[in-house]
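Data block below; observations after.
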Amino acid sequence: MKSLPYFCRGEVVRGFGRGSKELGIPTANFPDSVVDNLPADISTGIYYGWACVGNGDVYKMVMSIGWNPYYKNTKKSMETHVIHKFKEDFYGQTLSVVLVGYIRSEKSFPSLEDLIAAINSDIEEAKVKLELPDHSKLKEDNFFTSMTSSSPVTSSSAASTSQSIINGH
């Protein structure tokens, strides 16, 4: 996937409410405006990378992009699980992420327990891969500190407004 690393930013919106309630794995969802602007070579599946809420710290994350076959969604989504325990929800805040690598394709599972086990395996794989030097350096990217500017986004500048998307190349 030549679009990786891929940088994007958007407001956290309410999803289906299943991440925390059913799975015990809370997710932050991007609005359609972000999902609809993904590059063509970012296929559906599970990705890993870095995420930051507002101007906060940067944490490891995993993201599902697609239709979540287990739930048979009819609408494509981008659901980010930030690998950190937050004290409260952050709906309406800006989530900045960089997709660093691909873990696996989307697939359905025979049971909810199998889905949860796969997600937990994805999380563990992300933790390991993000320690690699080429991946860990992206945690310090200027993209995560550029929230204060409202100048237009270009491929050489990560300054953005809350709904913009940029490619990391």
Notebook entry, point to check: Regarding region 6-167, what are the three Cα extents along the principal axes, ordered largest first, in Å?
Noted result: 47, 35, 33
Notebook entry, point to check: Quick one: Cα centre-to-centre distance for region 70-92 and region 1-58, in angstrom?
Noted result: 7 Å
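What ranking, highest mean first, results for peptides 27-39, 83-95 when packing means the other Cβ atoms within 10 Å averaged over each residue?
On the way: 27-39: 18.1, 83-95: 12.7.
In decreasing order of mean packing, 27-39, 83-95 become 27-39, 83-95.
Take each of the peptides 8-17, 104-113, 45-54, average the number of other beta-carbon atoms within 10 Å over its residues, and list them starting from the highest. Spell out each step's value before the answer.
Working: 8-17: 18.1, 104-113: 11.4, 45-54: 22.0.
Averaged packing, sorted descending, gives the order 45-54, 8-17, 104-113.
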Next item on the list: In nm, give the distance between the simple-model label positions of TYR102 and GLU22, each being 7 Å from the Cα along the Cα-to-Cβ direction.
Entry: 2.6 nm
Next item on the list: Compute the Cα gyration tensor for region 1-73, then decide on rounded, prolate or oblate, letting a ≥ b ≥ c be the square roots of its eigenvalues: rounded whenever a/c is under 1.5, prolate when a/b is larger than b/c in the other cases, and oblate in all that remain.
Entry: oblate
Next item on the list: Tell me which residues come under 5 Å, amide H to amide H, from ILE103 once H is placed; ignore anything under 5 positions away on its chain.
Entry: ILE46, TYR47, TYR48
Notebook entry, point to check: Using a Gaussian network for the chain with springs between C-alpha atoms less than 10 Å apart, which of these wobbles most: VAL128, VAL98, VAL58?
Noted result: VAL128
Check: Could you give me the ³J(HN,Hα) list for region 80-87, computed from phi with Karplus coefficients 6.51, -1.76, 1.60 and θ = phi - 60°, whole Hz, x at Gly and Pro?
Finding: 9, 9, 7, 7, 6, 8, 8, 6
Next item on the list: Starting at the first residue of region 68-78, write each ³J(HN,Hα) from the Karplus equation 6.51 cos²θ - 1.76 cosθ + 1.60 with θ = phi - 60°, in whole Hz, x for Gly and Pro.
Entry: 6, x, 4, 8, 6, 4, 9, 10, 5, 9, 10
Checklist line | Two-site label geometry, THR74 and GLU140: point separation in nm, points 7 Å out along Cα→Cβ | finding: 4.9 nm
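None of the figures in this text is laboratory data; all of them are computed from the coordinates on show. Since the structure is predicted, the reported quantities are computational estimates derived from the model, not experimental observations. We place every Cβ from the backbone using ideal geometry, glycine too, and count neighbours over all the protein chains shown.
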